[in-house]
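The values are calculated or read from the model by the stated rules, or taken from the named source; none is laboratory data. Being a predicted model, the structure only gives us computed values, none of them experimental. Using ideal geometry, Cβ is built from the backbone for each residue, glycine included, and neighbour counts are taken over all protein chains shown.
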């Protein structure tokens, strides 16, 4: 079984994240959405809210699993027997950042490959950081975030 880990803080999980998972399922038998804590980002949603929102989004999807993780992504991959990491790229800046991480991951875990998917046209502008910024100014993010996630943000 080809299992990929899609790791992030997902605060909040956006339509762009959802699109990557959906497209990733065409490449992999199973995707584990690994929710971590990023201490450099100010949180919008609690960990429980993120888990519950993403679980609601994927109700009935046997090939999508949501788990918590801490530490290195490659160590988590080994724990769950995943040989692939799925990452999304919006632009060349993302590529440079993600490529450096992927190269270091190969040094740490040569058996684990990173797959990059480019953001779909019209979604390259979506990021959790931008969603949080819009929300901080009382803006509407309904075109950026799935309804299942929005209802947890409004709580």
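Some observations on this one:
- For the range 126-140, the set of residues classified as in contact (Cβ under 8 Å) with a residue 12 or more places away in the chain and touching a helix residue (DSSP H, G or I) at 6+ places or on another chain (Cβ under 9 Å) consists of 126, 127, 128, 131, 135, listed by residue number.
- Residue 149 in contact with a strand residue (DSSP E or B) (Cβ under 9 Å, 6 or more places away or on another chain) and in contact (Cβ under 8 Å) with a residue 40 or more places away in the chain: no
- Single condition residue 151 does not satisfy, out of (1) touching a helix residue (DSSP H, G or I) at 6+ places or on another chain (Cβ under 9 Å); (2) buried (at least 17 other Cβ atoms within 10 Å of the Cβ); (3) in a helix (DSSP H, G or I): (2)
- Residues of the range 55-93 satisfying the condition of being within 14 Å of the chain's Cα centre (by Cα), farther than 17 Å from residue 29 by Cβ and buried (at least 18 other Cβ atoms within 10 Å of the Cβ): 57, 69, 73, 87, 88, 89
- Yes/no for residue 97 being crowded, with 18+ Cβ neighbours inside 10 Å, out of contact with any helix residue (DSSP H, G or I) (no Cβ under 9 Å at 6 or more places or on another chain) and assigned to a helix (DSSP H, G or I): no
- Of note, residue 124 satisfies the criterion of being in a loop (DSSP other than H, G, I, E, B) and either more than 26 Å from residue 55 (Cβ to Cβ) or modelled with pLDDT of 95 or more (or both).
- If only residues of the range 13-54 that are buried (at least 16 other Cβ atoms within 10 Å of the Cβ), at pLDDT 95 or above and part of a loop (DSSP other than H, G, I, E, B) are counted, the one that is farthest from the chain's Cα centre (by Cα) is 28.
- Verdict on residue 107 being at pLDDT 95 or above and buried (at least 17 other Cβ atoms within 10 Å of the Cβ): no
- The set of residues from the range 55-84 being in a strand (DSSP E or B) and touching a helix residue (DSSP H, G or I) at 6+ places or on another chain (Cβ under 6 Å) comprises just one member, 66.
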